[in-house]
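A.B. asks: Right, I'll just put the structure down here and ask away after.
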Amino acid sequence: MPRQPRLEPEKPLVLEVGPLSGTPPTPADDATTLEHVMTYHSTRCCASPIYAFLFGPPDASLVRFTDATRGKFTARLTLSDQHMNSAGGIHGSVSATIVDWAGGLAIAAWDLRSATGVSVDINISYLSTARVGDEVEIEGKVERVGSNLAFTEVRIWKISGGNRGALVASGRHTKFVKR
């Protein structure tokens with residue numbers, strides 16, 4: 001019987017398809033990422049009445065984006081009456097909504113995607129407060145984007161003397177991102 005040639009195991013075919021693989025085909029530069037985050041906010045986010053109420057409509061935005069890189073962005077917001085609870089501090093639901101909003105924007109910054117999925121889990125720790133007129137800095141950061149779920153971390157600081165001061169709230173947001 002003739003001897004069969006020994007076959008080398010085939011290398012598996014791996015196709016990277018951008019957002020579903022967890023790695024974008026080519027990283028965007030920071031200016032492109034910042035522009036994408038700002039556009040995503042003004043078009044997708046501001047279409048939501050709660051986001052438009054808390055952050056202002058696109059033509060009169062209350063939020064100012066300051067930086068964005070792959071999977072991370074920062075923005076500043078000056079707090080006004082609509083952000084306050086009856087005791088005069090930032091309302092817990094506002095902080096929770098900021099975590100929801102910023103988690104989605106961090107995912108948009110990950111690979112410039114046009115949809116950021118739906119919430120699966122969100123949790124917030126309230127650490128201090130902020131009042132009307134205070135400026136807060138919001139940082140949204142991707143921890144991991146997989147083929148089904150994305151995990152983000154969001155922090156909200158009170159600005160003091162132009163720099164980050166007391167941490168007001170910290171949260172984690174998980175989203176279902178499968179396309």
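A.B. asks: For Leu62, enumerate residues with amide H under 5 Å from its amide H, sequence gap 5+ or separate chain, H modeled in the peptide plane.
C.D. replies: Amide H to amide H, under 5 Å and 5 or more residues apart or across chains, Leu62 pairs with Gly56.
A.B. asks: Ordered by residue, what ³J(HN,Hα) values in Hz, to whole numbers, does region 56-66 give under the Karplus form 6.51 cos²θ - 1.76 cosθ + 1.60, where θ = phi - 60° and Gly and Pro are x?
C.D. replies: Couplings: x, x, x, 7, 8, 4, 8, 9, 10, 7, 10 Hz.
A.B. asks: Something else now. Ranked by accessible surface with a 1.4 Å probe, highest first, in what order do Lys158, Lys178 come? Provide the component values of the computation, followed by the final result.
C.D. replies: Working: Lys158 65, Lys178 120 Å².
If we order Lys158, Lys178 from most to least accessible, we get Lys178, Lys158.
A.B. asks: Also, quick follow-up: Considering only protein heavy atoms, with the full assembly of protein chains and a 1.4 angstrom probe, order Ser95, Ser61 by accessible area, largest first.
C.D. replies: Ser61, Ser95
A.B. asks: With every protein chain left in place, what is the accessible area per residue of region 40-106 in square angstrom, probe 1.4 Å?
C.D. replies: Result: 41 Å² per residue.
A.B. asks: Residues with beta-carbon under 10 Å from that of Lys141, excluding Lys141: net charge, scoring Lys, Arg +1 and Asp, Glu -1? Present the calculation step by step, with values, prior to reporting the outcome.
C.D. replies: On the way: positive: Lys72, Arg155; negative: Glu139, Glu143, Glu153.
Once positives and negatives cancel, what remains is -1.
A.B. asks: I've got another one for you. Starting from the Cα of Lys158, draw a straight line to each of the aspartates and glutamates and keep only those under 14 Å, dropping any in the same chain fewer than 8 residues away.
C.D. replies: Asp134, Glu135, Glu137, Glu139
A.B. asks: Determine ³J(HN,Hα), in whole Hz, for all residues of region 139-145 in sequence, where each value follows from phi through the Karplus function 6.51 cos²θ - 1.76 cosθ + 1.60 and θ = phi - 60°; x replaces Gly and Pro.
C.D. replies: Along region 139-145, the couplings run 10, x, 9, 6, 8, 6, 10 Hz.
The values are calculated or read from the model by the stated rules, or taken from the named source; none is laboratory data. Source: prediction; values computed, not measured. We place every Cβ from the backbone using ideal geometry, glycine too, and count neighbours over all the protein chains shown. Quick note on the areas: whole protein, heavy atoms, side chains included, nothing else; ligands and nucleic acids left out. Shrake-Rupley method; radii C 1.70, N 1.55, O 1.52, S 1.80 Å.
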